[in-house]
Amino acid sequence: FKTCPGRVLCKLPCSGEKEVDLAVQSAKAAFKIWSQMSGMERCRVMLEAARIIREQRDEIATMETINNGKSIFEARVDIDISWQCLEYYAGLAGSLAGEHIQLPGGSFGYTRREPLGVCVGIGAWNYPFQIACWKSGPALACGNAMVFKPSPFTPISVVRLAEIFTEAGVPKGLFNVVQGGAATGQFLCQHPDVAKISFTGSVPTGMKIMEMAAKGIKPVTLELGGKSPLIIFSDADLDNAVKGALMANFLTQGEVCCNGTRVFVERKILDTFTKEVVKRTQKIKIGDPLLEDTRMGALINQPHLNRVQGFIKQAKEQGAEVLCGGDLYVPDDPKLKNGYYMRPCVLGNCRDDMTCVKEEIFGPVMAILPFDTEEEVVERANATKFGLAGGVFTRDIQKAHRVVAALKAGMCFINNYNVSPVELPFGGYKSSGFGRENGRAAIEYYSQLKTVCVEMGDVESVF
């Protein structure tokens, strides 16, 4: 692989109804084998897959950088999180169990935690390999099979994951990959042998998937968009808060659903904070994502770059001030001249009613908004249709816990941001979706409970 900005990497045929059916039937056959294995047997196979990913970390990270455009530094972190996810769920696979309930007269009941069957995973283009592991980890640990459709913009690395699962020893077809766009996703969602759908992506697409799933009474997990608040109080460690704001806005070129793009800053430190954020934003190294010192690569494609630029143009028209960045960036290296690069942008003079503050931009654009009181900022932070994440920076730990308790968001951070340990559940409130990825909570969304009632005496009949 070499960096090829603006060029076609490869062409893959879209999976039609026939191919989707073949993938589902293959997964269905593998499910019969996998679901009958003990949790410890599944554990060993998943640990082997995690080991392969860990040993091939640099190779897979390079593939992911070319696949997506993010820096190699970030891609390595993504791959580390991926193998850690498989290790975590491998550890849970052997401990999945129901419970025994004693009933009167020596009778008893028990519950069995059983897999759902063939699950569908539909991934986004910002974390292709990691999202596939986040979905397949708990699914396979619970005894399910999975058919996964990556974004058509990032089709490559998930194919490598399928190969790794096969090398690790899963039954043939247990983790299948189909390629394509909306039509392929529709065939998956409407397939009668699909038991569950897990989707990461936009709100409009999530709504369509939910509608299709409803017709088949299929459970769904939806991890959708966000416009998350990051609240900086005047008593915060300023250096740490600035670093947190950069982490909350500029990872993966700003293409992160849980980014804290509405940065609320207590007015008494507004000027100091803004000055420092702008200074550090201007120092972010942009360029070839395969170079070790690059911290921001290219956006995913030309239409998305145009969309982000459109938000910045509209923000200026509505009265926002571009404090830095926002313009296109052309690297010195001639081979990168067709890349979709832009300078990270900080917007000042923002108001809550501006489009750039209300809508998800999904690019490297930070909006700074002043506030005066805790009560005020909590109310403004919650005044959004989204509810994926939120963050608070303060030295007052009581205030920190009080504020995050009041935030209507599924993932909250105190004095950090965009930390994604696999042990913790991840998911949103309101239009940001429902269901959870990661942690023990995900087991609930990839399994179902069966209750068994055992009578040890004669049946008590009313007849």
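A few remarks follow.
- Residue within segment 378-388 that is of a type in the set (S, T, N, Q), farther than 22 Å from Val277 by Cβ, at pLDDT below 95 and open to solvent by less than 90 Å² (accessible area, probe 1.4 Å) present: no
- Taking residues in segment 390-414 that are under 18 Å from Val263 (Cβ atoms), and partners anywhere that are open to solvent by 50 Å² or more (accessible area, probe 1.4 Å) and among the polar types (S, T, N, Q), the pairs with Cβ atoms closer than 6 Å and at least 6 places apart or on different chains are Phe393/Asn415.
- Single residue of Leu86, Leu92, Leu12 found to be among the aliphatic types (A, V, I, L, M) and open to solvent by 30 Å² or more (accessible area, probe 1.4 Å): Leu12
- Residue among Gly319, Gly287 that alone is open to solvent by less than 60 Å² (accessible area, probe 1.4 Å), out of contact with any strand residue (DSSP E or B) (no Cβ under 9 Å at 6 or more places or on another chain) and not assigned by the TED database to the domain that holds Ala124: Gly319
- Taking segment 122-133 as the range and being part of a helix (DSSP H, G or I) and among the hydrophobic types (A, V, I, L, M, F, W, C) as the test, the residues that pass are Phe129, Ile131, Ala132, Cys133.
- Only listed residue being open to solvent by less than 30 Å² (accessible area, probe 1.4 Å) and out of contact with any helix residue (DSSP H, G or I) (no Cβ under 6 Å at 6 or more places or on another chain), chosen from Gly339, Gly310: Gly339
- Any hit, segment 206-213, residues being within 25 Å of Ala441 (Cα to Cα) and acidic (Asp, Glu): yes
- Taken together, Thr252, Thr272, Thr294 contain a single residue that is in a helix (DSSP H, G or I), surrounded by 18 or more Cβ atoms within 10 Å (Cβ to Cβ), β-branched (Val, Ile, Thr) and in the same structural domain as Cys345 (by the TED database), which is Thr252.
- Within segment 134-161, considering residues that are open to solvent by 10 Å² or more (accessible area, probe 1.4 Å) and part of a helix (DSSP H, G or I), the one nearest to Thr205 (Cα to Cα): Trp134
- Matching residues in segment 414-463 - criterion: being part of a loop (DSSP other than H, G, I, E, B), open to solvent by 50 Å² or more (accessible area, probe 1.4 Å) and β-branched (Val, Ile, Thr): Val419, Val459, Val462
- For segment 166-187, the criterion of being within 15 Å of the chain's Cα centre (by Cα), within 21 Å of Glu59 (Cα to Cα), open to solvent by less than 20 Å² (accessible area, probe 1.4 Å) and outside the structural domain of Cys257 (by the TED database) is met by no residue.
- Residue check, Met212 surrounded by fewer than 21 Cβ atoms within 10 Å (Cβ to Cβ) and in contact (Cβ under 8 Å) with a residue 12 or more places away in the chain: yes
- Test set (1) touching a helix residue (DSSP H, G or I) at 6+ places or on another chain (Cβ under 7 Å); (2) assigned to a loop (DSSP other than H, G, I, E, B) - Val378 fails condition number: (2)
The values are calculated or read from the model by the stated rules, or taken from the named source; none is laboratory data. The shown structure was predicted, so the numbers you read here are calculated from the model rather than taken from an experiment. A quick note on method: Cβ atoms are made from the backbone with ideal geometry, for glycine too, and the neighbour counts reach across all protein chains shown. To get the accessible areas, we keep the full protein, side chains included, count just its heavy atoms, and leave off ligands, DNA and RNA. Shrake-Rupley method; radii C 1.70, N 1.55, O 1.52, S 1.80 Å.
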